[in-house]
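K.L.:
The structure follows.
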Amino acid sequence: MSIFFYHNGKFYSEGTLIVGAENRGLRYGDGLFETMKIINGKIIAEDDHLARLWAGMKVLQFDVPKHFTPDKVLEAIIALAKKNNHLNAARVRLTVYRGDGGLFDAVSHQPDYIIQTWALPESNGQWNSNGLVLGIYTDVKKSCDILSNLKHNNYLPYIMAALHAKKEKWNDAVVLNTFGRVCETTIANIFIIKENRIFTPSLKEGCVAGVFRRTFLRNVAAAGYAVIEKEITTDELQNADEVFLTNSIYNIRWVQRIGDKEFLNTVTQKIYSDISSTIY
């Protein structure tokens, strides 16, 4: 079956070329993206995703036209998922970027956009009983500034960390901020548990303001758990009792090992059980 993507109001067959050498998204990574999940025809946390995207476009000084609305985007996502037969379970990537032009002379500041969908396996979101193996990446640090909490297309720190993780045969890599403290991983927010207390880097530490992170903090509080947002050192990470990751595609995943340190999963698995029914 042919797979399609959606670009600026039209469907295109996968592999169709739509940008040229003058494109600012290609040249400079001038844009943003959202990664969303569809389950049974519903986009999970759609309002939070689109609110983050619109806030990011404001930070990046896009001129958003009146016809480009969250409702129109959501309609396009569902239409594409239906065309690709991905309504049951799918990963969605929505990319927004500035069009052609040089660094100081963009042709237009209105957003161009691309929507793509991919089917997800039935096991998606289930408890990962084997646990993840991580390492700490130190060569490139994540900055703490007005761009840090956005999912923007300047992705080199994560690319380099992911390349290192693949070389070391890790499942993911822990990314540090410019202060040398724990920030996140290449694709997820990170949480640690120490003596039954849950901690996660605050947004001031430079991590992406994850939509599932926000959902998790809300739902886990309703389930009776307290999460402390703070600075987390690499020593605190290595000395934790348990570590887990969250993102919008995989939900909650237990980390079994970082370097030579192995972690338990008693509290993490209980949290997973307690809030799984509130996720969708």
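What follows draws every value from the coordinates through simple rules; no lab data is involved. Remember, predicted model here, so these are calculated numbers, not experimental data. Virtual Cβ from ideal backbone geometry, glycine too; neighbours counted across all protein chains shown.
K.L.:
Give, in nm to one decimal, the length gained when the segment between A223 and S13 is fully stretched (0.36 nm per residue of separation minus the Cα-Cα distance).
P.N.:
71.1 nm
K.L.:
Rounded to whole Å, give me the distance from the Cα center of region 214-240 to that of region 125-168.
P.N.:
18
K.L.:
Taking 22 Å as R0, compute the FRET efficiency from the Cβ-Cβ separation of K167 and N239 and round it to 0.05.
P.N.:
Approximately 0.25, to the nearest 0.05.
K.L.:
Also, quick follow-up: Enumerate the lysines that K142 could reach by cross-link, defined here as Cα to Cα under 17 Å, with residues fewer than 8 away along the same chain left out.
P.N.:
List returned: K151, K204, K230.
K.L.:
Ignoring everything except DSSP H segments at least 4 long, calculate the 222 nm mean residue ellipticity for the chain; use -39,500 (n - 2.57) per segment, divide by total residues, nearest 500.
P.N.:
Using -39500 (n - 2.57) per qualifying helix, the result is -8500 deg cm²/dmol.
K.L.:
I need the per residue convex hull volume for the chain, using only the alpha carbons, in cubic angstrom as a whole number.
P.N.:
Taking the convex hull of the Cα positions in the chain, it is 139 Å³ per residue.
K.L.:
If each of S143 and K58 carries a label point 7 Å out from its Cα toward its Cβ, how far apart are those two points in nm?
P.N.:
2.2
K.L.:
Would you kindly derive the ³J(HN,Hα) couplings of region 218-223 from the backbone phi angles with the Karplus curve 6.51 cos²θ - 1.76 cosθ + 1.60 (θ = phi - 60°), listing them in order in whole Hz, with x for Gly and Pro?
P.N.:
5, 6, 6, 5, 5, 7
K.L.:
While we're here: Taking the alpha carbon gyration tensor of region 176-221, what are the square roots of 5 times its eigenvalues, largest first, to the nearest whole Å?
P.N.:
Semi-axes, largest first: 18, 14, 8 Å.
K.L.:
Using the crude model of +1 on Lys and Arg Cβ and -1 on Asp and Glu Cβ, and no other charge, please compute the dipole size for the chain relative to its Cα centre, in debye to 20.
P.N.:
So the dipole magnitude of the chain works out to roughly 340 debye.
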